[in-house]
Amino acid sequence: YPSVSTPAGPAPESGVPTSTTESVDLPLPPDGGKDAREKWVADMFELSNHEVARDNPSGFAEKKQKMLESPYAYFRGEDTAFNLDLSKFAPPDPHEPRISSPGDLHALNFGTYRSAQGNLVYDVNDFDEAVSSQPFSRDILRDATSWILASREAGHPASHQEEIAKAYVDAFVKQLKEFARHGGSHHFVINEKTAPDGPVKSLLAHLGKTDPAHWVDKFTTRGADGSYQFVKTDTVIPQPESLKDALVAASPQLQHANVVAVASKLDSGTASIGLPRYYLLEQPQDGSSPRILEVKQELRSALAGVPDVHVTTVANRSAQVADAAATLPAEPYPQLGSFLVAPAAVGAVSPDSGEASFLVRERPAAKSSFDLDTMKSHEMVSVAQVQGQLTAAYMARQPGVTEALEKFLDDHPHWAEEQVTRATAAAGRVDENFHAFKKD
């Protein structure tokens, strides 16, 4: 394999730091033919998931099966190969500003949730692959590529696919320049009042009318003594009290909660399949309605080792994820914290670093996103534009980034159209990788 081993340089123009010592050494896509590409795709999947493959073979097989459903499903589960492809075929401009990033930006990693402030918002809602510093164009290309893949699978023609990707990129540029001239990024929120007419506003309006207690009722039952328990469904499987006790004992945050039951949560996401995810049922002592807490294992970012990407190496990876989730959105997801625990105590995958790292957060009742397969192209344009605005907002909230981005965009007047071309080419390479993945 061709490979790269280059120390990350100092942050150009923006205030986001990079490492001066961390080196990268992951194999870039080979120059050889079809067989070499197929081997590289298979190797990248196994490399990215080697702990899951070793400790949870059935979860590893489930993730692979999920990714075989379509090119977009493959794209959602294989962030490493996508970014290595960008490093070779669409490398970032060496002078472009760097940002802290959610790490896995795509059309379905935006959604609704009730924020820690209690408000119903639409924003980025997945930070599992968060990175400390990377060129900003990686986020733009990943989300734009996701819209091309999603619109293609929804049956829209190539001209509409590019139109949707262009809507995302253009909205990003327009909103970023608005922030540069007038400020306001720290208070930029998409809710029912601020969302433009279209699918996002309709989804927020619908969810705003639902009673959060009804969502909890779907998974719980109340006994004659007034205590709550989980009921078994296709995706929620009650677990023994010993697991509940082990999780509570390991987590300082949970020790202050009256946790009465635990269940495994299945069929969530794509990239995280194979890692344990639990629902914990908290019954407040004051007699108020119960709430569901989510506890999920986090491994290193899939972008760790990708050229030009810096991920600080720490034992408690979940603390990094929680920090990104708390700082990138204007109104963050309700996070409770993180903890480390011996993997065997809670049925976790054993990371190379030793102890298993878990994220603890409240599971909001209003967490939802779109069924992209049924969306019309003009609806996709509307949602993509909102995502472009939100992408500009989390970048603009970072110190020094707004001015650096505005200058870079002014110096590169054709940058937006170039990104659409690059995203279209990237979608083609995802298709190639997907078909190579099917051969394995």
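Annotation: aspartates and glutamates with alpha-carbon distance below 18 angstrom to K88 (same-chain offsets under eight excluded): D25, D31, E38, D43, E78, D79, E96, D139, D308, E418, D431, E432.
Of the trypsin sites (Lys or Arg not before Pro) found in segment 170-207, those that fall in a DSSP loop while having at most 14 other beta-carbon atoms within 10 Å are K193. Per residue, the chain reaches -13500 deg cm²/dmol at 222 nm when only DSSP H runs of four or more residues are counted, each adding -39500 (n - 2.57). Counting beta carbons within 10 Å around each of R98, R300 and listing the fewest first gives the order R300, R98. Among S264, S227, S301, the largest mean-square fluctuation in a Gaussian network model of the chain, built with springs joining Cα atoms closer than 10 Å, belongs to S227.
Among I190, I164, sorting on how many other beta-carbon atoms sit within 10 Å of each Cβ, with the fewest leading, yields I190, I164.
Taking the inverse of the mean reciprocal distance over all distinct Cα pairs, the Kirkwood hydrodynamic radius of segment 109-250 comes to 19.3 Å. Under 14 Å from a label point set 7 Å out along the Cα-to-Cβ vector of H50, the amide N atoms of segment 352-367 belong to 352-354.
You can think of it this way: the chain between K39 and E153 has 38.5 nm of extra reach, that is 0.36 nm per residue less the Cα-Cα gap. Highest mobility in the GNM of the chain, judged by mean-square fluctuation with C-alpha springs under 10 Å and restricted to G287, G184, G305, is found for G287. Taking 7 Å steps out from each Cα toward its Cβ at K439 and N258 produces label points 6.0 nm apart. In terms of Cα atoms, the Rg and Dmax of the chain work out to 21.4, 69 Å. Using the Cβ of H50 as centre and a radius below 11 Å, the other residues enclosed give a net charge of -4, where K and R count +1 and D and E count -1. When the pairs K193/K218; K63/K232; K296/K407 are compared against a 31 Å limit on Cα-Cα distance, K296/K407 fall above it. Note on H206 and S58: their simple-model spin labels are 3.4 nm apart, each label 7 Å out from Cα toward Cβ.
Rounded to the nearest Hz, the phi-derived 3J(HN,Hα) couplings of segment 95-109 under the Karplus curve 6.51 cos²θ - 1.76 cosθ + 1.60 (θ = phi - 60°) are 9, 6, x, 10, 9, 7, 9, x, x, 9, 7, 7, 4, 9, 9, where x marks glycine and proline. Backbone amide hydrogens, once placed in the peptide plane, bring I99 within less than 5 Å of Q134, F136, excluding anything fewer than 5 places away on its chain. Treat each spin label as a single point 7 Å out from the Cα along the C-beta direction, and report the T194 to L68 distance in nm. Inter-label distance under the simple model: 4.4 nm.
Where a number appears in this text, it was derived from the coordinates with a stated rule and is not lab data. All values derive from a computational prediction rather than experimental measurement. Heads up, the Cβs are rebuilt from the backbone with ideal geometry, glycines too, and the neighbour counts pull from every protein chain shown.
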